[in-house]
1. Out of the residues in the range 99-146 meeting the condition of being of a type outside the set (A, V, I, L, M) and in contact with a Phe, Trp or Tyr (Cβ under 6 Å, 6 or more places away or on another chain), tell me which one is nearest to Cys71 (Cα to Cα).
2. Condition (residue is within 16 Å of ligand 2 (Cβ to nearest atom) and among the polar types (S, T, N, Q)) applied to the range 48-59: is it met by at least one residue?
3. For Thr80, all conditions in the list (1) surrounded by fewer than 21 Cβ atoms within 10 Å (Cβ to Cβ); (2) over 30 Å from Asn139 (Cα atoms); (3) within 34 Å of the chain's Cα centre (by Cα); (4) modelled with pLDDT of 90 or more hold save one; what is the number of the exception?
4. Of the conditions (1) without any contact (Cβ under 8 Å) to a residue 60 or more places away in the chain; (2) in a helix (DSSP H, G or I); (3) more than 16 Å from ligand 4 (Cβ to nearest atom), Glu135 satisfies every one except a single condition; which number is it?
5. Is it fair to say Tyr207 is hydroxyl-bearing (Ser, Thr, Tyr), closer than 14 Å to Arg269 by Cβ, touching a strand residue (DSSP E or B) at 6+ places or on another chain (Cβ under 7 Å) and away from ligand 2 (no atom under 16 Å from the Cβ)?
6. Identify, from the list Val107, Val85, the residue that is surrounded by 14 or more Cβ atoms within 10 Å (Cβ to Cβ) and part of a loop (DSSP other than H, G, I, E, B).
7. Take the range 113-135 and flag every residue that is under 19 Å from Ile261 (Cα atoms) and at pLDDT below 90.
8. Run down Pro146, Pro123, Pro142 and say which single residue is within 16 Å of ligand 3 (Cβ to nearest atom) and in contact with a strand residue (DSSP E or B) (Cβ under 6 Å, 6 or more places away or on another chain).
Amino acid sequence: MDLDSVECISSLEGLDEDDIDRHHPHPHHQFTSSKPHTNNVNSTIHPATSVHELLECPVCTNSMYPPIHQCHNGHTLCSTCKTRVHNRCPTCRQELGDIRCLALEKVAESLELPCKYYSLGCPEIFPYYGKLKHEAVCNFRPYNCPYAGSECSVTGDIPYLVAHLRDDHKVDMHSGCTFNHRYVKSNPREVENATWMLTVFHCFGQYFCLHFEAFQLGMAPVYMAFLRFMGDEMEARNYSYSLEVGGNGRKLIWEGTPRSIRDSHRKVRDSHDGLIIQRNMALFFSGGDRKELKLRVTGRIWKEQQSPDGGACIPNLCS
Ligand SMILES: [Zn+2]
Ligand SMILES: [Zn+2]
Ligand SMILES: [Zn+2]
Ligand SMILES: [Zn+2]
């Protein structure tokens, strides 16, 4: 999920004109809950506060970027909101027309503002129009919850997410850089309702997510195991991991670099960047009457010696 780009749209959804009007008189109180960091920034950088507030769209409270629109009475709103208010100013209900607010756009051009992740440690200051671009890739931006089994909208830093996984998702936590896991499933024919397993490992002072799941790869049901690093991609490249699964005298081994949790679980899965086990093989590994899946996955995480091209992308894995 891309957090930064769709706020304007989602906060408008389900609002009719009355709602918009009711919300409008208190534009500066609205973002206390949804955008805590903006407030911190405002209270820290006083000179820019009032202009900055002028640049908040009064309807969705997001920062406005050109083209900024205004009604005949001078009420401003962002271009996303403009397309959603059916040509009627949400403030005075007059016909909106198609008037640009060039003056405000010019004022914005002269502004320099701190990154919105200022309170999370980002020291950078940007021209107004360059800020958004940086914030999309800012190293201090919060991480999305790495849990895969449901759409979870929780974001935060790594310690916060580790606690969240443990307390809210009841994820198993393990210390150490080797593991030995058994995945048992009594009805392995049901791949359609994909099952997810997540285990978190704590080693080298870092946290790693071991994912195990069933899904359809084309027509073929498969199981897949892979590791994600709870941190940035650059840091992830300092580590490697191996996974091993086998039985009945056969064995599959995977060795790779953990992907950052900046890459969504689905993205990693769809790039096949992990240990993939065909269901037939998985049932063969399980032994017995093929009615039950019993896979033993062993693995190890280790730290790589620093090398400049250590995590080089394999083109068809990174597309
Ligand atoms: Zn807006
Ligand atoms: Zn108006
Ligand atoms: Zn930043
Ligand atoms: Zn979550």
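1. Step one: filter the range 99-146 for residues of a type outside the set (A, V, I, L, M), giving 100-101, 105-106, 109-110, 112, 114-119, 121-124, 126-131, 133-135, 138-146.
Next, only the ones that are in contact with a Phe, Trp or Tyr (Cβ under 6 Å, 6 or more places away or on another chain) stay: 117, 121-122, 134, 138, 140-141.
Details: Tyr117: 32, Gly121: 39, Cys122: 36, His134: 31, Cys138: 35, Phe140: 37, Arg141: 35 Å.
That would be His134.
2. Within the range 48-59, none of the residues are within 16 Å of ligand 2 (Cβ to nearest atom) and among the polar types (S, T, N, Q).
3. Among (1) surrounded by fewer than 21 Cβ atoms within 10 Å (Cβ to Cβ); (2) over 30 Å from Asn139 (Cα atoms); (3) within 34 Å of the chain's Cα centre (by Cα); (4) modelled with pLDDT of 90 or more, Thr80 violates only (2).
4. Here Glu135 clears every test but (1).
5. On the way: hydroxyl-bearing (Ser, Thr, Tyr): yes; closer than 14 Å to Arg269 by Cβ: no; touching a strand residue (DSSP E or B) at 6+ places or on another chain (Cβ under 7 Å): yes; away from ligand 2 (no atom under 16 Å from the Cβ): yes.
So Tyr207 does not fit the description; no.
6. Values: Val107 fails: part of a loop (DSSP other than H, G, I, E, B).
Result: Val85 is the single residue among Val107, Val85 that is surrounded by 14 or more Cβ atoms within 10 Å (Cβ to Cβ) and part of a loop (DSSP other than H, G, I, E, B).
7. Hit for the range 113-135 is Leu120, nothing else.
8. Values: Pro146 fails: within 16 Å of ligand 3 (Cβ to nearest atom); Pro123 fails: in contact with a strand residue (DSSP E or B) (Cβ under 6 Å, 6 or more places away or on another chain).
Exactly one residue qualifies, and that residue is Pro142.
The values are calculated or read from the model by the stated rules, or taken from the named source; none is laboratory data. What you are looking at is a predicted structure, and each value in this text was computed from that prediction instead of being measured. Every residue, glycine among them, receives a Cβ derived from its backbone with ideal geometry; neighbour counts consider all protein chains shown.
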